[in-house]
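Visitor: Okay, here's the structure, questions in a sec.
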Amino acid sequence: MNHKMYITDEERRKCRKVADAFAELENEDIDIVVADAGRYGYVRLLYYGESYGFDKAVCYTDSTTLFNDLWKDWLNGQLFQIALENPPLMDLDYEDIFKTLPKEKQNKLMSKRDYFAQKSGITNA
């Protein structure tokens, strides 16, 4: 029986760094859960409910794709919180909410992306 690898050892290490970089968010109101799935890669678990567990799982074998999706989740969560505080924004999509923000707030949010990229070692995301 052939042993087939689905994720390279190098990508496994890179994905672990990405998952670790975003792990600090577990204490925030944003649910970002990433699990090591062995040779299959890393799995992002989404939409948790107590009665049924996680509703969706996405498997990653590429650290840059994992980083970009986790970043998008984090940013969209921040934008949703901003919209909750300003109800007229609730009718906008995330990109339009971002555009309504003052440049200083936009820069602050984007600096967090740089922080996560540096912490995870992602340079081409």
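A short reminder: the numbers here are calculations on the coordinates, not readings from a lab. Only a predicted model underlies this, so the values are computations on that prediction, with no experimental measurement involved. Backbone-built Cβ (ideal geometry, glycine too); neighbour counts: all protein chains shown.
Visitor: Could you list the GluC sites (Glu not before Pro) in region 48-125 that lie in coil according to DSSP, counting only those with at most 13 other Cβ atoms within 10 Å of their Cβ?
Guide: On the way: sites: Glu50, Glu85, Glu95, Glu104; in loops: Glu50.
Here the sparse-neighbourhood loop sites are Glu50.
Visitor: Which one of Asp20, Asp93, Asp36 has the biggest mean-square fluctuation once the chain is modelled by GNM with Cα springs under 10 Å?
Guide: Comparing Asp20, Asp93, Asp36 in a Gaussian network model of the chain, the most mobile one is Asp93.
Visitor: Report the calculated FRET efficiency for Tyr47 and Glu24 (r = Cβ-Cβ distance, R0 = 25 Å), to the nearest 0.05.
Guide: Details: r = 21 Å, r/R0 = 0.85.
For R0 = 25 Å, the calculated efficiency reads 0.75.
Visitor: Moving on to the next point. What span do the alpha-carbon atoms of region 9-120 cover on each of the three principal axes, reported in whole Å from largest to smallest?
Guide: In descending order, the Cα extents are 45, 37, 22 Å.
Visitor: Normalised by the residues of the chain, what does the relative contact order come to in percent, with Cα pairs under 8 Å and at least six apart? Could you put the intermediate results ahead of the total?
Guide: Numbers: 136 pairs, mean separation 33.4, N = 125.
Across the chain, relative contact order equals 27 percent.
Visitor: Here is a further query. Which trypsin sites (Lys or Arg not before Pro) from region 78-125 combine a DSSP loop assignment with at most 15 other Cβ atoms within 10 Å? Provide the component values of the computation, followed by the final result.
Guide: Working: sites: Lys99, Lys103, Lys105, Lys108, Lys112, Arg113, Lys119; in loops: none.
Sparse-neighbourhood loop trypsin sites (Lys or Arg not before Pro): none present.
Visitor: Just to be sure I understand: with springs between alpha-carbon atoms less than 10 Å apart, which residue in Val34, Val58, Val18 has the highest mean-square fluctuation in the Gaussian network model of the chain?
Guide: Highest fluctuation among the options: Val58.
Visitor: Taking Cα atoms, how many degrees apart are the long axis of helix 9-23 and the longest axis of the chain, rounded to 10 and kept between 0 and 90?
Guide: Helix 9-23 sits at roughly 30 degrees to that axis.
Visitor: Most fluctuating residue of Gly49, Gly38, Gly77 in a GNM of the chain with Cα springs under 10 Å: which is it?
Guide: Result for the chain, Cα springs under 10 Å: Gly49 fluctuates most.
Visitor: Between Leu92 and Asn107, what length comes free when the chain is fully extended (0.36 nm per residue of separation minus the Cα-Cα distance, one decimal in nm)?
Guide: Numbers: separation 15, 0.36 × 15 = 5.40 nm, distance 1.99 nm.
Length gained between Leu92 and Asn107: 3.4 nm.
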